[in-house]
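Taking it in order: structure first as structure tokens, then the write-up.
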């Protein structure tokens, strides 16, 4: 039997190949508002959103509202919060978040969603070995996307943005989402592993006291690997193929 009996997986970028679409949607949402946010021609120029570096550093793994706030803070832009009823636009934090949501949903309608090739074999291997698995995401779309990718039945629990809102759970790097998933699996984080590709997610796993925090670096970027380790990952893997073997040994 595996040394660790449960694994909590992040969804976007770990299970589903949706990270690039999220980055593109964020860029379209932010860059399309820059002209409106530029006060006068004499002001410093607002730089476009970097869909690689800033996606990783500012919005990856965060809720939409937290992602908007992080980007605005990076550009020293102040907007009113607005409300969840705001239409997609640029005038409030909620409006920008809705703008991103609209763009992302459109990409899903036109392109669908796919799981990474290593995901299903790994999940089958773990479940055959008696390991309980949960999927976690700050996105309200996570459950439907997992269903579309024929993965939802592979998990004993799913905690998504809808659950976070209903339970008033704070977003990453707070570990609340992951701790809720561990609780639904009937295990303590000290007896579980978690897998994340986002820096704030790895930090959340570290803060939550998970026995094994796995940083996933699908791009095999040495700088990202270093950053994941700095945030608290115990080990960094290029994909999920080696995860069962790592779990056999518990924390490295």
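No value in this document is a laboratory result; all are computed from the given coordinates. For clarity, every value in this text was computed on a predicted model and none was experimentally measured. Note: ideal-geometry Cβ built from the backbone for every residue, glycine included; neighbour counts use all protein chains shown.
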* Counting DSSP beta bridges with both ends in the chain, the antiparallel % (nearest 5) -> 5
* Compute the separation of the alpha-carbon centres of the stretch 70-88 and the stretch 110-130 and state it in Å as a whole number. => 36
* **Principal-axis tilt of helix 64-74 within the chain, Cα atoms, nearest 10 degrees** => 60
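How large is the Kirkwood hydrodynamic radius of the stretch 109-244, counting all unique pairs of alpha carbons, in Å? Intermediate results must be reported in sequence, preceding the final value.
Working: mean 1/r = 0.0655 Å⁻¹.
That comes to 15.3 Å for the stretch 109-244.
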* Note the angle between two axes, namely the Cα long axis of helix 119-128 and the longest principal axis of the Cα atoms of the chain, as a number of degrees from 0 to 90, rounded to the nearest 10. => 30
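By per-residue mean of other Cβ atoms within 10 Å, what is the highest-first order of 91-97, 237-243? Before the final figure, lay out each step's value.
Values: 91-97: 21.1, 237-243: 17.9.
The most tightly packed comes first, giving 91-97, 237-243.
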* Structure fact -> Largest fluctuation, 137, 74, 154 only, Gaussian network model of the chain with Cα springs under 10 angstrom, belongs to 74
* **Principal-axis tilt of helix 93-111 within the chain, Cα atoms, nearest 10 degrees** => 60
